[in-house]
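Participant: Got a structure for you, questions after.
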Amino acid sequence: MAGRWARLSGPAWSSRRLQVAALVGVAGLVTSSAVWSGASAAFSTMLANPTSSLSTGTWASHLLEWIGDGQYGQSGAGDWIAERSPGQEITATTTWTKVSVGGNHSCGTRSDGTLWCWGDNSSGQLGVGNLVQQTRPVQIAGTTWSSVAAGASHTCAVKTNGTLWCWGLNSTGQVGNGGVVTPQNAPVQVGALTTWALVAAGNAHTCAVKTDGTLWCWGKGSSGQLGNNCACGTPVSSPVQVGVLTTWSTNAAGSDYSCATKTDGTVWCWGNNTTNQQGTSNGNPQPLPKQIGALTTWSRVGAGASHGCDTKTDGTLWCWGLNTNGQVGIGSVASPQTSPQQVSVGITTWNSVAGGSAQSCATRTNGTLWCWGINTNGQLGLGTITQQTSPTQVAGTTWASVATGGSHTCATKTDGTLWCWGLETSGQLGTAAPHQTSTAIQIGANTTWASASVGAYHTCATRTDNTLWCWGTNASGQLGQGNTTLLYLPTQVAGTTWATVSASGTDTCATKTDGTLWCWGINDKGEIGNGGVVTPQLNPVQVSAGITIWNSVSTGSISSCATRTDGTLWCWGNNTYGQVGNGGVVTPQTSPVQVAGTSWNKVSAGGVSMCATKTTGTLWCWGNNTYGQVGNGGVVTPQSSPVQVGALTTWNNIDGGGYHTCATKTDGTLWCWGLNTTGQVGIGSVASPQSSPVQVGSATTWTGIAAGYSHTCATRTDDSVWCWGDNSMGQLGFGDLTERDSPTQVPGLTAAGGIYSGDQAFVVFLIA
């Protein structure tokens, strides 16, 4: 089950593009599709079909790309539970016009006047009439929305008819519906006026400008952020005018302060000032708007949590306030900055700016996007998690607008597409599920990846130069680096003659081109196979020194099996259920033990059971049989020696999941058995258990299988991919969380070149 690798059969492709798809599962060797899978990787929908056939041999590169959970660094993108580079939101729409980023949610408008929100919804801030988290953009009722502002846990938007609407958390009256302080999970109109022009939402307050140039605020005002000359503890639940002026033009709301520009080009701030976010040296709250400097050339203001930024009419950019993470952009973390400081002296092409929790982003007139400040969750979109104290360019030259919030950022491009990156805890990136991305993230810039295997929380892959690279969690030394340091990026394992690799939960095994076998990682049950030693091995250790005829290896949860070129089969590790296959002995085996027979062909290590085919076409299974996964017509009784599954001699490919097993026959039919509580056997029901092979549908074109912990995916001769079973984490790739109990085709996804497995992740060879 856990990330084993078998050699690609068929033509020797000149080049390949390796991509992790939005699927989860385990698989065995096939002839025309390739999928790897790994544990605990929650996935969603794979986008974009290949445009040319693998069989043409026209692939130009071997790119390794990841889609899914990266919370332990197993994505290789350089971070965890985060998207470090811009990823397009799941719908791939090209009509986005404006976007706003809140604490853990995002909203955006489209050119057709529709409004869409996604992410955290615990306070109803998505405005969809419920409190259900949405991991992809969901439309808010109406088609006349003009602009939107996402606050910490509430949202406000203006319609084309000049009405203003708010919803979400309302504990301090920030929704502005007059006296009501309960959460509003659907848009509520603020008063009855039709003269609202624009709105800004802060942590717990809101400010808006009317078409007559007046400025109004409401919500929490304890730091003076309402501009009503009162740092009052009593919330204001209806709009209160800020002064009597009618010359306000733009406004922005920070965490607990506000800023706005006037038509005369001056900029004013009020509210909390403990970090000098108002651009003054006075750290006291400012209950009334106070002008920043005396200049009259300010144009667009952007308020971060505790810092502010603004552009001038001459195209220069200036920031001030808290700078502990370099968010002011002056090349240092000197903090605080009590007056506006010019960012990137000499640059006069700044267009717009947005401030986040401790980061800033800005666009230039040439379409480039630049970000700086804190980057622990990749919110700068630079492909790293390194803090930047000066503006650093985000890839691309067609950026139109940008918005940055708590720990994530979103931006639109001139082609109308929307892109988000950073922390993904509540679906705020719009990529279809928390802790995941449904669009491919290229792992580094290397173009020579050959194979991959995904374990529980780590990934390993080989390159065409026979080097081996691993990344992810490393608590048991499963990365083979001689230490237990978590690695966010692919790091080479010593040696340049690696052939195949198999990653499981907490250990890794690999073969070399000289036929030797090596393992490393946790070893409390002898799963490393190094004879008697049961301590973790942080570096590759040779298994059975002197043996140079190892062919392939498959690592299970705490046991492993491997074949040799002489047709023998050997297993080792935990043996509680007889999964080592040595007949009656249930103690751990710390060295490979031969399984009876000499014509073994392919082996698949499931959770706590094993299955293998022989060159005669027969199928044999052993180990745990609690749910009939051995396929011998019974349940409960463990099998400590291989038991033949039926009497057929036409079995082809085999793969074991958590507690179920699937196999194909030479006639192209697909059969599954074992636990079926989530429909993972694929027989159109959840009748469980199935103790003998049951045919899955009537198709005769199945080629490869990938059985996950509680779901299954498979490919057909036309390279289409089909999935069924548990989908609680979106692992079936349909963009939803709906369970399927029979094979359903994954739209927009094809696989070509072989199919391989782990626990809950897929890597697919697609055409570049």
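Participant: Among the residues of segment 371-399, write down those that are crowded, with 21+ Cβ neighbours inside 10 Å, in a strand (DSSP E or B) and touching a Ser or Thr at 6+ places or on another chain (Cβ under 7 Å).
Facilitator: Correct list: Cys371, Trp372, Gly373, Pro391, Trp399.
Participant: Restricting to segment 650-674, name every residue that is modelled with pLDDT of 95 or more and not in a strand (DSSP E or B).
Facilitator: Thr650, Thr666, Asp667, Gly668, Thr669
Participant: Against the condition free of Cβ contacts under 8 Å to residues at least 24 places away in the same chain, part of a loop (DSSP other than H, G, I, E, B) and surrounded by fewer than 24 Cβ atoms within 10 Å (Cβ to Cβ), how does Val180 come out, does it pass?
Facilitator: no
Participant: Tell me which residues, restricted to segment 495-507, are within 21 Å of Ser560 (Cβ to Cβ) and not aromatic (Phe, Trp, Tyr).
Facilitator: Within segment 495-507, Gly495, Thr497, Ala499, Thr500, Val501, Ser502, Ala503, Ser504, Gly505, Thr506, Asp507 meet the criteria.
Participant: Would you confirm whether any residue within segment 645-654 is under 28 Å from Val586 (Cα atoms), in contact (Cβ under 8 Å) with a residue 60 or more places away in the chain and in the same structural domain as Thr715 (by TED's automatic domain parsing)?
Facilitator: yes
Participant: Would it be correct to say that Trp570 is under 22 Å from Arg463 (Cβ atoms) and either in a strand (DSSP E or B) or among the aromatic types (Phe, Trp, Tyr) (or both)?
Facilitator: Judged against the criteria, Trp570 is not a match.
Participant: Here is a further query. Is there any pair with a first residue in segment 487-498 that is within 13 Å of Tyr457 (Cα to Cα) and a second that is assigned to a strand (DSSP E or B) and among the basic types (Lys, Arg) whose Cβ atoms are under 9 Å apart and which are 6 or more apart or on different chains, and what are they?
Facilitator: Tyr488/Arg84
Participant: I'd like to know if segment 363-385 contains one or more residues that are in contact with a Cys (Cβ under 9 Å, 6 or more places away or on another chain), outside the structural domain of Gly254 (by TED's automatic domain parsing) and under 27 Å from Thr263 (Cβ atoms).
Facilitator: No, every residue in segment 363-385 fails to be in contact with a Cys (Cβ under 9 Å, 6 or more places away or on another chain), outside the structural domain of Gly254 (by TED's automatic domain parsing) and under 27 Å from Thr263 (Cβ atoms).
Participant: Taking segment 331-364 on its own, how many of its residues are assigned to a strand (DSSP E or B) and not β-branched (Val, Ile, Thr)? Break it down stepwise before answering.
Facilitator: To start, the set of residues in segment 331-364 that are assigned to a strand (DSSP E or B) comprises 337-343, 350-355, 359-364.
Okay, now just the ones that are also not β-branched (Val, Ile, Thr), so 337, 339-342, 350-352, 354-355, 359-362, 364.
Result for segment 331-364: 15.
Participant: Report every pair of residues separated by at least 6 positions or lying on different chains whose Cβ atoms are under 8 Å apart, first residue within segment 146-167 and charged (D, E, K, R) and modelled with pLDDT of 95 or more, second in a strand (DSSP E or B) and buried (at least 24 other Cβ atoms within 10 Å of the Cβ).
Facilitator: As it stands, the answer is Lys159/Trp145; Lys159/Trp165, since those pairs meet every condition given.
Participant: Could you please find all residues in segment 204-219 being assigned to a loop (DSSP other than H, G, I, E, B) and either buried (at least 24 other Cβ atoms within 10 Å of the Cβ) or outside the structural domain of Ala150 (by TED's automatic domain parsing) (or both)?
Facilitator: Scanning segment 204-219 gives a single hit, Ala204.
Participant: Then there's this: Taking the options Thr297, Thr368, Thr348, name whichever one is surrounded by fewer than 19 Cβ atoms within 10 Å (Cβ to Cβ), free of Cβ contacts under 8 Å to residues at least 40 places away in the same chain and touching a Lys or Arg at 6+ places or on another chain (Cβ under 7 Å). Before the answer, list the steps.
Facilitator: Working: Thr368 fails: touching a Lys or Arg at 6+ places or on another chain (Cβ under 7 Å); Thr348 fails: touching a Lys or Arg at 6+ places or on another chain (Cβ under 7 Å).
Just a single option satisfies the conditions, and that option is Thr297.
Participant: Could I ask something else about it? Condition first: buried (at least 24 other Cβ atoms within 10 Å of the Cβ) and without any contact (Cβ under 8 Å) to a residue 60 or more places away in the chain. Now tell me which residues in segment 273-285 satisfy that.
Facilitator: Asn273, Gln277, Gln278
Participant: Tell me which residues, restricted to segment 463-521, are of a type in the set (D, E, K, R) and either at pLDDT below 90 or touching a His at 6+ places or on another chain (Cβ under 9 Å) (or both).
Facilitator: Hit for segment 463-521 is Arg463, nothing else.
Participant: Which ones in segment 206-224 are under 15 Å from Ser171 (Cβ atoms) and in contact with a Ser or Thr (Cβ under 7 Å, 6 or more places away or on another chain)?
Facilitator: As a first pass, look at segment 206-224 and keep what is under 15 Å from Ser171 (Cβ atoms): 206, 218-222.
Once the filter is applied, which keeps residues that are under 15 Å from Ser171 (Cβ atoms) and in contact with a Ser or Thr (Cβ under 7 Å, 6 or more places away or on another chain), segment 206-224 yields Trp218, Gly219, Lys220.
Participant: So Val764 passes all but one of these: (1) at pLDDT 85 or above; (2) among the hydrophobic types (A, V, I, L, M, F, W, C); (3) buried (at least 24 other Cβ atoms within 10 Å of the Cβ). Which condition number does it fail?
Facilitator: (1)
Participant: On to the next question. Go through segment 632-678 and count every residue that is of a type in the set (Gly, Ala, Ser), within 16 Å of Val694 (Cβ to Cβ) and surrounded by fewer than 24 Cβ atoms within 10 Å (Cβ to Cβ). Give the steps one after another, and end with the answer.
Facilitator: Going residue by residue through segment 632-678, those that are of a type in the set (Gly, Ala, Ser) are 633-634, 640-641, 646-647, 656-658, 663, 668, 674.
Now narrow it down to the ones that are within 16 Å of Val694 (Cβ to Cβ): 633-634, 646, 656-657, 663, 674.
Imposing the further condition that a residue be surrounded by fewer than 24 Cβ atoms within 10 Å (Cβ to Cβ) reduces the set to 633-634, 646.
The total comes to 3.
Participant: Take Gln537 and decide whether it is touching a residue at least 60 places away in the same chain (Cβ under 8 Å) and not hydroxyl-bearing (Ser, Thr, Tyr).
Facilitator: Yes: the conditions hold for Gln537.
Participant: Related question: Only one of Thr349, Thr368, Thr363 is touching a Leu at 6+ places or on another chain (Cβ under 7 Å), among the hydroxyl-bearing types (Ser, Thr, Tyr) and within 17 Å of Val402 (Cα to Cα); which? I'd like the intermediate steps shown before the answer.
Facilitator: Numbers: Thr349 fails: touching a Leu at 6+ places or on another chain (Cβ under 7 Å); Thr368 fails: touching a Leu at 6+ places or on another chain (Cβ under 7 Å).
Selected residue: Thr363, the only one of Thr349, Thr368, Thr363 that is touching a Leu at 6+ places or on another chain (Cβ under 7 Å), among the hydroxyl-bearing types (Ser, Thr, Tyr) and within 17 Å of Val402 (Cα to Cα).
Participant: From the residues in segment 159-177 that are part of a strand (DSSP E or B) and more than 16 Å from Ala253 (Cα to Cα), which one is nearest to the chain's Cα centre (by Cα)?
Facilitator: Residues of segment 159-177 that are part of a strand (DSSP E or B), as a first pass: 159, 164-168.
With the extra rule that they be more than 16 Å from Ala253 (Cα to Cα), the set shrinks to 159, 164-165, 167-168.
Numbers: Lys159: 33, Leu164: 34, Trp165: 32, Trp167: 28, Gly168: 26 Å.
It comes out as Gly168.
Participant: What residue, of Gly129, Gly103, is surrounded by fewer than 21 Cβ atoms within 10 Å (Cβ to Cβ) and within 17 Å of Pro183 (Cα to Cα)?
Facilitator: Selected residue: Gly129, the only one of Gly129, Gly103 that is surrounded by fewer than 21 Cβ atoms within 10 Å (Cβ to Cβ) and within 17 Å of Pro183 (Cα to Cα).
Participant: When the residues of segment 297-314 are filtered to those that are in a loop (DSSP other than H, G, I, E, B) and either closer than 17 Å to Ile330 by Cα or basic (Lys, Arg) (or both), which remaining residue is farthest from the chain's Cα centre (by Cα)? Working first, answer last.
Facilitator: We begin by selecting, within segment 297-314, every residue in a loop (DSSP other than H, G, I, E, B); these are 297, 304-306, 313-314.
Still in the running and either closer than 17 Å to Ile330 by Cα or basic (Lys, Arg) (or both): 304, 306.
Values: Gly304: 26, Ser306: 29 Å.
Only one residue fits best here, namely Ser306.
Residue by residue, here is whether (1) of a type in the set (A, V, I, L, M, F, W, C); (2) in contact (Cβ under 8 Å) with a residue 60 or more places away in the chain; (3) in the same structural domain as Val636 (by TED's automatic domain parsing); (4) out of contact with any Phe, Trp or Tyr (no Cβ under 6 Å at 6 or more places or on another chain) holds:
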position	(1), (2), (3), (4)
Cys561	yes, no, yes, yes
Gly567	no, no, yes, no
Trp570	yes, no, yes, yes
Gly573	no, no, yes, yes
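Per-residue answers, yes or no, for (1) under 20 Å from Val686 (Cβ atoms); (2) among the aromatic types (Phe, Trp, Tyr):
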{"site": "Gly704", "(1), (2)": "no, no"}
{"site": "Tyr709", "(1), (2)": "yes, yes"}
{"site": "Asn727", "(1), (2)": "yes, no"}
{"site": "Glu739", "(1), (2)": "yes, no"}
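Participant: A further question on this structure: Can you tell me which residue among Trp318, Trp421 is closer than 30 Å to Asp736 by Cβ, surrounded by 20 or more Cβ atoms within 10 Å (Cβ to Cβ) and either free of Cβ contacts under 8 Å to residues at least 40 places away in the same chain or aromatic (Phe, Trp, Tyr) (or both)?
Facilitator: Trp421
Participant: Follow-up question, since we're still on this one. For segment 548-563, indicate whether the set of residues that are surrounded by fewer than 24 Cβ atoms within 10 Å (Cβ to Cβ) and over 24 Å from Thr664 (Cβ atoms) is non-empty.
Facilitator: Checked against the condition, which is being surrounded by fewer than 24 Cβ atoms within 10 Å (Cβ to Cβ) and over 24 Å from Thr664 (Cβ atoms), segment 548-563 yields at least one hit.
Participant: Looking at this structure, is Asn185 in contact (Cβ under 8 Å) with a residue 24 or more places away in the chain and part of a loop (DSSP other than H, G, I, E, B)?
Facilitator: Details: in contact (Cβ under 8 Å) with a residue 24 or more places away in the chain: yes; part of a loop (DSSP other than H, G, I, E, B): no.
No.
Participant: What pairs come out if I take residues in segment 658-669 that are over 17 Å from Ser559 (Cβ atoms) and pair them with residues that are of a type in the set (Asp, Glu) and assigned to a strand (DSSP E or B) whose C-beta lies under 6 Å away, six or more apart or interchain?
Facilitator: Every condition considered, the pairs that remain are Cys662/Asp655.
The values are calculated or read from the model by the stated rules, or taken from the named source; none is laboratory data. Worth saying up front: this structure is predicted, and the values here are computed from it rather than measured. Quick reminder, even Gly has a Cβ in these numbers, built from the backbone with ideal geometry, and neighbours come from all protein chains shown.
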